[in-house]
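One structure is given here, and the rest of the page talks about it.
The values are calculated or read from the model by the stated rules, or taken from the named source; none is laboratory data. These numbers come from a predicted model, not from an experiment. Note that we place each Cβ from the backbone using ideal geometry, even for glycine, and neighbour counts take in every protein chain shown.
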Amino acid sequence: MIIFFGNVMFTSFEKDSKYTSTQNVDRSEFAGSAACAGCHKDIYESHIKTAHYLDSRPASKEFIKGSFAPGKNKFIYNQWMEVRLEKKNNNYYQTAYIKGVEYQSAPFDIVIGSGRKGQTYLYWNDSVLYQLPVSYYTPLNSWCNSPGFPGNFIKFDRMIPAECLECHGTYAKVEDKNDVPVYDKTKIIFGIDCERCHGPAAAHVAYHTAHPEEKTAKNITIIKQLSRQERLDGCALCHSGFRKAIQPRFSFMIGDSLDEFSTAGYSPDSVSTLDVHGNQYGLLMASKCFKMSNTLDCSSCHDPHVNEANKPEIFSQRCITCHTETKHTTLPDDKRLLLTKNCIDCHMPMLPSKKIILDVTDSENAVPDLVRTHRIAIYPEITKAFLEKMKTGK
């Protein structure tokens with residue numbers, strides 16, 4: 001949803017930790033993901049189409065999903081207040097109006113979210129980032145209030161701390177000045193690109209450019225050589241809910257132990273406290289599938305180099321690699337065949353988030369974001385409805 005992200009949105013912020021400056025990684029250590037294309041062309045061209053890679057970008061009309069057309073470019077708070085999404089001098093803005101009079105306006109500077117489920121937007125005030133009040137919700141093709149923002153007044157003053165870009169980008173140089181996160185605009189790498197998971201690659205590219213005959217990868221993180229927990233920690237950095245930093249943002253690298261860099265604000269032993277939106281790692285750990293396996297991790301089901309969204313048959317085939325003996329004897333043979341193409345709508349259904357509740361244009365009721373849970377289990381009521389739909393074809 002809207003941020004989601006990843007396809008996660010900025011729902012709430014605690015006071016930023018004192019650890020906000022990047023201390024042990026320098027921008028010069030990064031080569032840029034385009035440098036990977038020379039040797040890894042197919043993987044690169046596939047990866048740049050994924051929601052991860054597209055998770056943050058400098059704003060332009062082609063990347064902003066919502067409509068700016070008259071009649072569709074407003075988010076109305078009440079009879080006195082509204083935000084209009086409009087173009088001014090070749091740039092795009094969110095402008096607040098009170099009783100028809102312009103009150104405040106700020107540009108779309110950064111897009112957060114690929115748009116697969118939604119987007120939110122940031123603007124610069126000097127070198128400080130703020131979140132704009134209106135976001136976009138893809139399932140309803142509608143503008144909505146940015147999650148966590150009030151529904152009765154307009155605000156432009158939510159600062160964006162470093163942990164937001166840590167999950168929605170690959171790198172940012174940021175320093176804490178009087179409790180205000182100040183960014184170096186020239187040293188931001190947008191999107192979750194190759195180097196977010198494989199580490200800064202400048203030394204890797206330089207070595208293999210100088211030694212083209214060398215086939216063993218040097219100066220790069222090779223994911224398959226990591227332990228299971230190291231691989232899980234790499235995903236949990238952004239998919240385990242809010243964590244309290246104990247080391248500088250962007251200092252964690254894949255292969256590190258996440259608990260040495262931040263502490264979890266949840267108990268994986270208490271499933272009831274895990275929100276489907278923010279902590280897919282905790283929900284996975286609570287699953288019987290995970291507990292009974294010594295090898296299952298995120299990459300068992302997800303290929304981060306490929307856009308596989310909305311393709312349940314692909315994920316279902318990965319379920320069947322382990323669940324070869326599964327029988328769905330309550331259905332006729334032709335319906336059982338359909339189930340082999342969709343395990344997840346019964347066992348990993350879309351559930352409403354408890355944290356992301358949206359006010360959307362043209363709707364009187366707030367809408368919860370629906371997110372696919374990663375707690376693999378049997379959901380009797382959802383399964384019953386799914387099977388009934390299969391039987392009736394409705």
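Which one is nearest to F190 (Cα to Cα) among residues in the stretch 88-122 that are of a type in the set (D, E, K, R) and without any contact (Cβ under 8 Å) to a residue 24 or more places away in the chain? Spell out the reasoning first.
Our first condition is that a residue be of a type in the set (D, E, K, R); within the stretch 88-122, this holds for 88, 99, 102, 109, 116-117.
Those still in the list that are without any contact (Cβ under 8 Å) to a residue 24 or more places away in the chain too: 88, 99, 102.
Numbers: K88: 25, K99: 38, E102: 32 Å.
Result: K88.
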For K49: the one exception among (1) part of a loop (DSSP other than H, G, I, E, B); (2) out of contact with any Lys or Arg (no Cβ under 7 Å at 6 or more places or on another chain); (3) without any contact (Cβ under 8 Å) to a residue 60 or more places away in the chain: (3)
Boolean, D184 is among the charged types (D, E, K, R), farther than 21 Å from A34 by Cα and in the same structural domain as S56 (by TED's automatic domain parsing): yes
Given (1) at pLDDT 90 or above; (2) farther than 19 Å from W143 by Cβ; (3) surrounded by fewer than 19 Cβ atoms within 10 Å (Cβ to Cβ), number of the condition Y44 does not satisfy: (3)
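With respect to P139, determine if the residue is outside the structural domain of H305 (by TED's automatic domain parsing), surrounded by fewer than 19 Cβ atoms within 10 Å (Cβ to Cβ), out of contact with any Cys (no Cβ under 6 Å at 6 or more places or on another chain) and closer than 20 Å to D359 by Cβ.
Details: outside the structural domain of H305 (by TED's automatic domain parsing): yes; surrounded by fewer than 19 Cβ atoms within 10 Å (Cβ to Cβ): yes; out of contact with any Cys (no Cβ under 6 Å at 6 or more places or on another chain): yes; closer than 20 Å to D359 by Cβ: yes.
Against the criterion (outside the structural domain of H305 (by TED's automatic domain parsing), surrounded by fewer than 19 Cβ atoms within 10 Å (Cβ to Cβ), out of contact with any Cys (no Cβ under 6 Å at 6 or more places or on another chain) and closer than 20 Å to D359 by Cβ), P139 qualifies.
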Selection from the stretch 47-67 of residues that are at pLDDT 95 or above and closer than 30 Å to V101 by Cβ: A59, I64
Residue within the stretch 317-333 that is at pLDDT 85 or above, at negative phi and among the polar types (S, T, N, Q) present: yes
Test: residue in the stretch 171-179 that is without any contact (Cβ under 8 Å) to a residue 24 or more places away in the chain, part of a strand (DSSP E or B) and not hydrophobic (A, V, I, L, M, F, W, C): yes
Any pair with Cβ under 9 angstrom, 6 or more apart, that starts in the stretch 124-149 at a residue that is aromatic (F, W, Y) and ends at one that is at pLDDT below 90 and outside any loop (DSSP other than H, G, I, E, B): Y137/L358; Y137/V360; Y137/V367; Y137/D369; W143/V360
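I'd like the full set of residues that are within 28 Å of I192 (Cα to Cα), of a type in the set (S, T, N, Q) and surrounded by 14 or more Cβ atoms within 10 Å (Cβ to Cβ), limited to the stretch 56-74. Reasoning before the result, please.
Within the stretch 56-74, the subset within 28 Å of I192 (Cα to Cα) is 56-68.
Next cut, of a type in the set (S, T, N, Q) only: 56, 60, 67.
Within the stretch 56-74, S56, S67 meet the criteria.
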Odd one out for L129 among (1) in contact with a Ser or Thr (Cβ under 9 Å, 6 or more places away or on another chain); (2) within 25 Å of A172 (Cα to Cα); (3) part of a strand (DSSP E or B): (1)
Residue within the stretch 211-221 that is surrounded by fewer than 17 Cβ atoms within 10 Å (Cβ to Cβ) and not in a loop (DSSP other than H, G, I, E, B) present: no
Qualifying residue in the stretch 158-165 (condition: over 27 Å from F30 (Cα atoms) and not in a helix (DSSP H, G or I)): yes
Subset of the stretch 95-114 that is over 13 Å from P133 (Cβ atoms) and crowded, with 19+ Cβ neighbours inside 10 Å - its residue that is nearest to the chain's Cα centre (by Cα): G113
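Any residue in the stretch 208-226 that is of a type outside the set (D, E) and under 21 Å from the mean Cα position of the chain (by Cα)? Let's see the steps before the verdict.
Quick first cut of the stretch 208-226, residues of a type outside the set (D, E) only: 208-212, 215-226.
Of the ones still in play, those that are also under 21 Å from the mean Cα position of the chain (by Cα) are 223.
Yes, the conditions are met somewhere in the stretch 208-226.
Name the residue that is nearest to Y97 (Cα to Cα), counting only residues in the stretch 124-164 that are among the acidic types (D, E) and over 22 Å from the mean Cα position of the chain (by Cα). Outline the logic, then answer.
Pass one, the stretch 124-164, residues among the acidic types (D, E): 126, 157, 163.
Applying the additional criterion that residues be over 22 Å from the mean Cα position of the chain (by Cα) yields 126, 157.
Values: D126: 23, D157: 16 Å.
Per the criteria, the residue is D157.
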Subset of the stretch 360-394 [at pLDDT 80 or above and part of a loop (DSSP other than H, G, I, E, B)]: T373, H374, R375, I376, A377, I378, Y379
Matching option when the condition is under 22 Å from C164 (Cβ atoms), more than 16 Å from the chain's Cα centre (by Cα) and not in a loop (DSSP other than H, G, I, E, B), among Y121, Y92: Y92
